[in-house]
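> A single structure is presented below for examination.
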Amino acid sequence: MTNPSTMPAFSPAFTWGVATSAYQIEGAADIDGRGPSIWDSFTHTPGTIIDGSTGDVACDHYHRYVDDVGIIAALGVKAYRFSVSWSRVQPMGYGDWNEKGFEFYANLLDTLEAHGIAAHLTLYHWDLPQALQDLGGWLNRDTCLRFAEYATEVARRFGHRLASIATHNEPWCTANLGYGNAQFAPGVADTALSIQVSHHLLLSHGLAMQAMRTIHCPAKLGIVLNQWPAMPATASAADIAQAEWEYARSVQWFMDPIFKGCYPQKALDRMDMSQFHVHPEDMDIIHQPLDFLGVNYYFRAFVSTENPPRLPEGKLGFTDMGWEIYPSGLTDLLLKLNAEYPDLPPIYITENGMAVADEMEDGKVHDEQRILYLQLHLQALHAAMQSGVDVQAYFYWSLLDNFEWNSGYARRFGLVHVDYQTQQRTLKDSAYWYRDFVRTQLSYR
Ligand code: FCB
């Protein structure tokens, strides 16, 4: 295991943090006036989640946030990325605000401030109010207007207390897993619809950006995209072309509208556009300057046209999610983004982390694999920065083991182990390693 002091030195101003999201940790699903979200409906539908679980209780963070912030402070990181549950602060997604819901986030911010931890807020980490879904959800263009109203209200109340606000987390997942293959809420499988949803997500991002700029929100404003470099399995022309297409339909599909004001032609050429409706003004709305771009990196796309497809070798192994461990993909991706988008703002790595089948032994969790994963990805990040990419923050996913969407509680991503019977938190070895690493980095200041 690498001693933290032998790791490369990052800039003294670099931000180190940990990340979570509302539905995955809060629990308290019907407490203090919270309305149901699409994830409540989805998890309560039999057969959707591999262990049959729900986020009703999750890590009970709603009641334990003071202790959880204490853990963040003990890790020594100075930044925390979390999301707001829209239906907690506006139960229907339109109409009345729920003061009790806002009170929870105000208290969370008080606690973070008391520890000197900067707050990075995400507005939408997948939990659309069910009442908006009943009106058509992200297929209904009006949802974009409701999202901008919600963004304005959160920014008006909290903007001055936040380091950053991200509009969306991983709209690729909402569109492709929520509407493309039904793995995620709301559980629709229709590719043509998923393309229209992706456009509405981008449009809602642009409208929310405009609205938050109009009220002069002082927090840095941006969006979080999950991205991967797409690598052909072989040097065959077919694999290369397929990898380019994969990159166009996943990464450029979101990046180009935001940073260039148009959809990538390479993707448009091969997509089912039968349900695709773009109004003339939309692309200008989406094409707003950002203060930061959040990048979530977990793996590369390994693209094969053979049947059955060639699979990646996985020289460094695979995580408990079955995801290939491929740290240099982070360097490749960042260099590619830097080369392709001249207007790229500073990047925050808003998620990166590993699921491990952790076991508790005598009150300890020896998760060496996660420590190695962290080291290799931090080295890969540093390499990209050495080559000129402006990255300013890194958030490990996740602070706590939590509700991993359709994998339920069966996949553990935390630096901190959660016993779901007792809600006891235990720092894993990786938490201590990250603490020592961050302490070493901060000592260079
Ligand atoms: C990302 C999600 C996050 C978490 C990690 C493992 O796609 O944003 O909520 O589930 O994957």
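The values are calculated or read from the model by the stated rules, or taken from the named source; none is laboratory data. Nothing here was measured: the structure is a model prediction, and the numbers come from that model. Ideal geometry is used to build each Cβ from the backbone, glycine not excepted, and the neighbour counts take in all protein chains shown. The protein model used for the area step is the full one, side chains on, heavy atoms only, and it has no ligands, DNA or RNA in it. Shrake-Rupley method; radii C 1.70, N 1.55, O 1.52, S 1.80 Å.
> Take the residues of region 423-432 that are outside any strand (DSSP E or B) and open to solvent by 10 Å² or more (accessible area, probe 1.4 Å): which is farthest from the ligand (Cβ to nearest atom)?
Top of the filtered list is TYR432.
> Could you give me the residue pairs with C-beta distances under 6 Å whose first residue belongs to region 109-129 and is open to solvent by 20 Å² or more (accessible area, probe 1.4 Å), whose second residue is away from the ligand (no atom under 15 Å from the Cβ) and assigned to a strand (DSSP E or B) wherever it lies, and which are 6+ apart or on separate chains?
ALA118/ALA79
> Which of the numbered conditions does LEU344 fail, given that it passes all the others? Conditions: (1) in contact (Cβ under 8 Å) with a residue 60 or more places away in the chain; (2) in contact with a Lys or Arg (Cβ under 9 Å, 6 or more places away or on another chain); (3) assigned to a loop (DSSP other than H, G, I, E, B).
(2)
> For residues in region 357-368 being open to solvent by 10 Å² or more (accessible area, probe 1.4 Å) and in contact with a helix residue (DSSP H, G or I) (Cβ under 9 Å, 6 or more places away or on another chain), which is nearest to the ligand (Cβ to nearest atom)?
Looking at residues that are open to solvent by 10 Å² or more (accessible area, probe 1.4 Å) and in contact with a helix residue (DSSP H, G or I) (Cβ under 9 Å, 6 or more places away or on another chain), I get ASP358.
> Could you run through region 202-224 and say how many residues are more than 15 Å from SER164 (Cα to Cα) and surrounded by 21 or more Cβ atoms within 10 Å (Cβ to Cβ)?
Of the residues in that region, 5 qualify.
> Considering only helices (runs of 4 or more DSSP H) fully contained in region 229-330, which possess at least 2 residues that are in contact (Cβ under 8 Å) with a residue 12 or more places away in the chain and either of a type in the set (Asp, Glu) or closer than 22 Å to VAL391 by Cβ (or both)?
So the answer is 237-247, 253-260, 282-286.
> Among (1) surrounded by fewer than 18 Cβ atoms within 10 Å (Cβ to Cβ); (2) touching a residue at least 12 places away in the same chain (Cβ under 8 Å), there is one condition LEU333 misses while meeting the rest; what is its number?
Only one criterion is unmet by LEU333, namely (1).
> Take region 43-67 and flag every residue that is in a helix (DSSP H, G or I) and crowded, with 24+ Cβ neighbours inside 10 Å.
If the condition is that a residue be in a helix (DSSP H, G or I) and crowded, with 24+ Cβ neighbours inside 10 Å, then HIS61 is the only one that fits.
> In addition: Is at least one residue of region 68-90 within 16 Å of the ligand (Cβ to nearest atom), part of a helix (DSSP H, G or I) and within 20 Å of the chain's Cα centre (by Cα)?
There is at least one residue in region 68-90 that is within 16 Å of the ligand (Cβ to nearest atom), part of a helix (DSSP H, G or I) and within 20 Å of the chain's Cα centre (by Cα).
> Sticking with this one: Just checking, how many residues over region 391-405 are in contact with a helix residue (DSSP H, G or I) (Cβ under 8 Å, 6 or more places away or on another chain) and either in a helix (DSSP H, G or I) or open to solvent by 40 Å² or more (accessible area, probe 1.4 Å) (or both)?
Matching residues across region 391-405 total 1.
> Limited to region 189-233, what total is found for residues that are more than 21 Å from PHE276 (Cβ to Cβ) and of a type in the set (D, E, K, R)?
The qualifying residues number 2.
> What tally of residues in region 226-245 results from selecting those that are of a type in the set (S, T, N, Q), out of contact with any Ser or Thr (no Cβ under 8 Å at 6 or more places or on another chain) and surrounded by fewer than 19 Cβ atoms within 10 Å (Cβ to Cβ)?
Residues flagged as of a type in the set (S, T, N, Q), out of contact with any Ser or Thr (no Cβ under 8 Å at 6 or more places or on another chain) and surrounded by fewer than 19 Cβ atoms within 10 Å (Cβ to Cβ) within region 226-245 amount to 0.
> Return the residue satisfying two criteria in turn: it lies in region 130-157 and is within 23 Å of THR20 (Cα to Cα) and open to solvent by 10 Å² or more (accessible area, probe 1.4 Å), and of such residues it is nearest to the ligand (Cβ to nearest atom).
GLN130
> Next question, about the same structure. Restricting to region 180-201, what's the tally of residues that are buried (at least 24 other Cβ atoms within 10 Å of the Cβ), away from the ligand (no atom under 16 Å from the Cβ) and either among the charged types (D, E, K, R) or over 22 Å from ILE285 (Cα atoms) (or both)?
Number of matching residues: 0.
This table checks each residue for (1) within 16 Å of the ligand (Cβ to nearest atom); (2) within 25 Å of GLY76 (Cα to Cα); (3) under 22 Å from the mean Cα position of the chain (by Cα).
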{"position": "LEU334", "(1), (2), (3)": "no, no, yes"}
{"position": "ASN338", "(1), (2), (3)": "no, no, yes"}
{"position": "LEU381", "(1), (2), (3)": "no, yes, yes"}
{"position": "GLN392", "(1), (2), (3)": "no, yes, yes"}
{"position": "TRP397", "(1), (2), (3)": "yes, yes, yes"}
{"position": "ARG412", "(1), (2), (3)": "yes, yes, yes"}
{"position": "GLN421", "(1), (2), (3)": "no, no, no"}
